[in-house]
1. Restricting attention to region B:105-117, which residues are within 18 Å of the chain's Cα centre (by Cα) and more than 8 Å from chain A (Cβ to nearest Cβ)?
2. Of the numbered conditions (1) within 18 Å of the chain's Cα centre (by Cα); (2) facing chain A (nearest Cβ under 9 Å); (3) more than 22 Å from B:Asn205 (Cα to Cα), B:Arg92 fails exactly one; give the number of that condition.
3. Just to confirm my filter: which helices (runs of 4 or more DSSP H) fall fully inside region A:181-275 and include at least 1 residues that are in the same structural domain as A:Glu82 (by TED's automatic domain parsing), farther than 30 Å from A:Ser109 by Cβ and modelled with pLDDT of 85 or more?
4. Conditions: (1) more than 8 Å from chain A (Cβ to nearest Cβ); (2) more than 19 Å from B:Val200 (Cβ to Cβ); (3) assigned to a loop (DSSP other than H, G, I, E, B). B:Gly125 meets all but one. Number of the miss?
5. When you go through A:Val115, A:Val147 one by one, which is the residue that is more than 28 Å from the chain's Cα centre (by Cα), of a type outside the set (Lys, Arg) and under 17 Å from A:Thr206 (Cβ atoms)?
6. Among the candidates A:Glu312, A:Glu365, which residue alone is farther than 18 Å from A:Val35 by Cα, free of Cβ contacts under 8 Å to residues at least 60 places away in the same chain, surrounded by fewer than 24 Cβ atoms within 10 Å (Cβ to Cβ) and away from every other protein chain (no Cβ under 14 Å)?
7. Name every residue in region B:128-142 that is touching a residue at least 40 places away in the same chain (Cβ under 8 Å) and assigned to a helix (DSSP H, G or I), in order of residue number.
8. Would you please name the residue that is modelled with the lowest pLDDT, looking only at residues in region A:76-130 that are in a strand (DSSP E or B), of a type in the set (Gly, Ala, Ser) and farther than 29 Å from A:Thr252 by Cβ?
Amino acid sequence: MDAGETLRLGARAIRAHKLRSALTVLGILIGIAAVVTFVTFGASLQADVVGQIEETSASNVYLVASEDGDGFGGAGQPVFTEADLTTFRGIEGVRRVVPRGILAVTAISHRGDTVARTRATATTPDAFASTTFVAGDSFELGREEVVLNRRAATLFATNATVGDTVTLTLGGGRTRNLTVVGIIEGSAGQVPFDAFGSQPRVFVPTDPLYDTVVESPSTGANQRVYPQVTVVADPAQTTAVRERVERALPGTDAAALVPEGYQLVAQTSGDLADQVEEIVTRLTRFVTGIAVIALIVGAVGIANIMLVSVTERTREIGIMKAVGARNREVMGLFLTEAVLLGLLGAALGVPVGILGGWAAAAYAEIPLTLAPGWFAVAVVVGIVVGALAGLYPAWRAARVDPIEALRYE
Amino acid sequence: MTDRADAVARPGDAVVVADLVRRYQRGIDTVEALRGISLSLPEGSYTAVMGPSGSGKSTLLNLVGGLDTPTGGSVAVGGTELSTLSEPERARVRGEEVGFVFQTFNLMPRLSAAENVAFPLVFRGVGRAERMDRARELLADVDLADRTDHRPNELSGGQRQRVAIARALVGDPTLVLADEPTGNVDTETGDRVMSVLGAVNDAGNTLLLVTHERHVAERADRIVHLRDGAIQRIEDVTDAGRDSGSTDGDEPDARDDSEARRRGGD
């Protein structure tokens with residue numbers, strides 16, 4: 001029996017029950033569409049985030065003391081002293097060294113409107129070296145000044161502008177009045193990609209506001225100590241700089257101060273991109289796994305409808321056998337029908353899924369990135385799901401006793 | 001149909017049945033449907049099988065048609081021994097050596113008359129165009145040239161049975177099996193169906209007919225009377241006896257389970 005005729009008979013059987021077939025196809029469609037939506041969204045997220053890392057901070061080496069050596073995302077322990085910063089500045093190929101400390105802030109007030117905040121970032125003007133200011137400019141060390149990002153500036157009843165005064169309430173109820181000197185977009189490289197920079201951020205000069213100090217093991221004097229340091233390298237030798245920094249680490253105060261179970265980590269943006277990629281991939285896989293459940297439900301639908309179909313068409317199976325159909329041809333016919341249902345669901349599910357991915361990306365305000373390889377996978381999955389779901393019903397059909405079947409009404 | 005005479009012109013017997021036994025297990029009982037039947041159907045012969053319900057008529061037909069396998073004995077159709085064949089080989093015999101005509105027509109409901117006639121050729125790998133040409137030819141032979149694109153539900157009972165007869169002939173079979181072909185049509189239509197089958201036989205096809213109507217059986221060359229799974233007698237039909245029109249005196253009212261179920265399902 002040729003493939004064309006098998007397909008024709010299968011298509012005809014599907015068309016004979018339009019609503020039933022449509023609902024069965026819908027089951028697969030939803031499953032495939034869900035998978036494609038999440039895969040597309042995952043691909044878009046990954047492309048956006050990784051793209052930002054590589055574009056905005058390709059030459060950064062991030063230093064933290066991290067608990068599991070994994071580095072990225074951990075708050076880290078304050079271990080890098082002023083003496084260490086000097087050490088890093090002396091390394092060949094280093095352009096800037098930017099420390100970042102965390103200042104506990106209980107509230108920020110602007111013109112009588114108070115907003116609860118948990119932290120501000122204490123850093124140096126170098127942090128803004130590659131940042132575009134929306135208004136004003138960087139603060140200077142030693143002054144009672146503050147830089148806000150746009151989200152932070154709009155937290156208050158009236159938007160904070162350059163020249164305004166904001167009041168920080170620090171731990172212990174002490175307050176500091178600071179002059180707003182600049183407004184920026186994003187996070188000023190605090191995190192290496194700006195997607196997460198849409199949170200409100202408050203930047204203050206380390207001097208005079210940051211007061212986390214430790215006795216430097218190398219100098220014996222009390223010095224400010226920071227949990228995170230960004231070494232901005234000459235873009236041509238980022239990897240080399242990372243290696244030099246790593247070689248220098250054992251001799252630093254940080255190495256002496258790092259607590260048990262913590263590790264000093266130097267990572268480039270590329271490392272971070274890899275990590276982010278892995279996290280996004282893992283997340284995408286997890287969500288896609290959930291979507292696969294929808295696909296399994298769809299497969300159960302196909303199996304169910306095919307079993308009904310085999311029972312309904314017992315007599316037809318008898319006729320087929322009486323006119324010379326072999327068992328495997330009967331099986332092939334029903335399997336073809338199941339595969340057609342799966343294929344139809346997949347073929348319709350992919351565009352619906354792309355639409356879903358586009359909607360999700362639009363909602364998350366990231367550009368759409370398609371993953372065409374996955375569309376082919378989705379169609380193959382549709383075929384495989386149809387075949388698997390149709391296997392048992394088709395086997396049942398092949399086993400029908402023609403004598404009984406021809407009497408069947 | 002005269003052009004088909006040479007296609008079936010093989011020497012000897014079309015069907016040879018020897019000591020054929022078929023037992024069924026029904027629950028704890030063993031039902032002996034056939035108790036050792038021997039019978040030959042010469043090429044081009046026309047044989048009717050009569051007998052009361054449960055006499056084994058249908059079992060014999062199913063065994064000769066390769067739908068069933070015997071418990072003992074042998075069945076040879078066109079020289080091929082069926083009892084030892086595997087499933088796909090038996091399917092091939094059903095498609096190539098045998099043509100079935102059923103009481104309930106058994107046409108594929110979603111296929112047109114021509115597609116139904118052509119259907120057996122699908123499983124023999126004949127191309128669509130060639131199949132359909134052959135089907136239209138055969139439909140013309142049974143006076144249905146104007147019904148080729150009709151679905152079975154758009155045809156009358158007699159027309160459906162003629163489509164079924166055309167389908168039985170499409171594969172140039174060694175043997176045409178007809179199981180109560182007039183059982184579901186009125187007398188007049190039944191006569192028409194039997195005329196078509198008569199023409200099929202006249203064209204040289206070997207015909208084996210199962211019926212419980214005496215006047216239908218009398219169209220055959222001979223009548224095999226079955227009772228309790230054995231041949232009671234074989235009656236040669238003379239031309240003089242063909243018009244007697246009486247019903248079969250052997251047919252009792254009592255029917256066994258399988259027969260009642262079959263009827264109930266029709």
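The values are calculated or read from the model by the stated rules, or taken from the named source; none is laboratory data. This structure is a prediction, so every number in the text was calculated from the model and none was measured. In this analysis, Cβ positions are derived from the backbone assuming ideal geometry, glycine residues included, and neighbour counts consider all displayed protein chains.
1. B:Phe105, B:Asn116, B:Val117
2. (3)
3. Numbers: elements: A:206-209, A:238-248, A:253-257.
Helices (runs of 4 or more DSSP H) meeting the threshold: A:238-248, A:253-257.
4. (1)
5. Testing whether each residue is more than 28 Å from the chain's Cα centre (by Cα), of a type outside the set (Lys, Arg) and under 17 Å from A:Thr206 (Cβ atoms) leaves just A:Val147.
6. Numbers: A:Glu312 fails: away from every other protein chain (no Cβ under 14 Å).
On inspection, the qualifying residue turns out to be A:Glu365.
7. Here is the first cut: in region B:128-142, the residues touching a residue at least 40 places away in the same chain (Cβ under 8 Å) are B:141-142.
Within region B:128-142, just B:Asp141 meets the criteria.
8. Taking region A:76-130 as the starting set, the residues that turn out to be in a strand (DSSP E or B) are A:80-81, A:94-110, A:113-116, A:119-123.
Imposing the further condition that a residue be of a type in the set (Gly, Ala, Ser) reduces the set to A:101, A:104, A:107, A:109, A:116, A:120, A:122.
Okay, now just the ones that are also farther than 29 Å from A:Thr252 by Cβ, so A:107, A:109, A:116.
Details: A:Ala107: 87, A:Ser109: 88, A:Ala116: 83.
Out of the qualifying residues, it is A:Ala116.
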